[in-house]
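J.: Sharing a structure, written as C-alpha cells. Questions coming.
Quick note: the coordinates plus some simple rules give every number you see, no bench work behind them. Bear in mind that the values here come from a model prediction, so they are computed numbers and not experimental data. So basically every Cβ, Gly included, is an ideal-geometry build from the backbone, and we count neighbours across all protein chains shown.
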Amino acid sequence: SFTFILFNMTINVAVAETLRELRQKKGVSQEKLAEAIDSHQVYISEIENGKKIPSLSVIYKTAQFFNLSLSDFAAMIEEKL
C-alpha cells in the first residue's frame with residue numbers, strides 16, 4: 001500500500017542520516033567504512049543517499065565498527081522516525 005511505501009522511504013532516510021552522521025562525526029570515509037565491514041564504497045553511498053536499505057548483517061557490522069550495540073544503533077535510527 002501507499003502507506004507502506006512512505007514508511008519504507010522514511011526508514012531509508014533515517015538509516016541514511018544516522019549512518020552519514022556517525023561516519024562524519026568519527027571522520028571516517030565511505031571507503032574506510034566499507035573496507036572495515038567487508039562491503040563496497042558504492043553500497044555505503046547508496047545507503048547514505050537512501051537508495052538502499054542495508055541488511056541486518058551490514059547494520060550489525062556497522063554498529064560494531066562504531067562501538068555501538070545493535071540496539072543502540074537501532075535506537076539512533078528510530079529517533080529519526
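J.: Cut-off 10 angstrom, C-alpha nodes, Gaussian network model of the chain. Which of S57, S39, S69 fluctuates the most?
T.: Highest fluctuation among the options: S57.
J.: Additional query: Could you tell me which trypsin sites (Lys or Arg not before Pro) in the range 30-71 are loop residues by DSSP with no more than 14 other beta carbons within 10 angstrom of their beta carbon?
T.: Those that pass, being in a loop and sparsely packed, are K51.
J.: Right, another one. So if I take the alpha carbon set of the chain, get Rg, then get Rh from the Kirkwood formula, what is the Rg over Rh ratio?
T.: Dividing the radius of gyration by the Kirkwood radius yields 0.96.
J.: For n ≥ 4 DSSP H runs only, could you compute -39500 (n - 2.57) per run for the chain, divide by its residues and tell me the 222 nm figure to the nearest 500?
T.: -22500 deg cm²/dmol
J.: Right, next: Enter the angle in degrees (range 0 to 90, nearest 10) between the Cα long axis of helix 70-79 and the first principal axis of the Cα atoms of the chain, meaning the one along which they spread out most.
T.: 50
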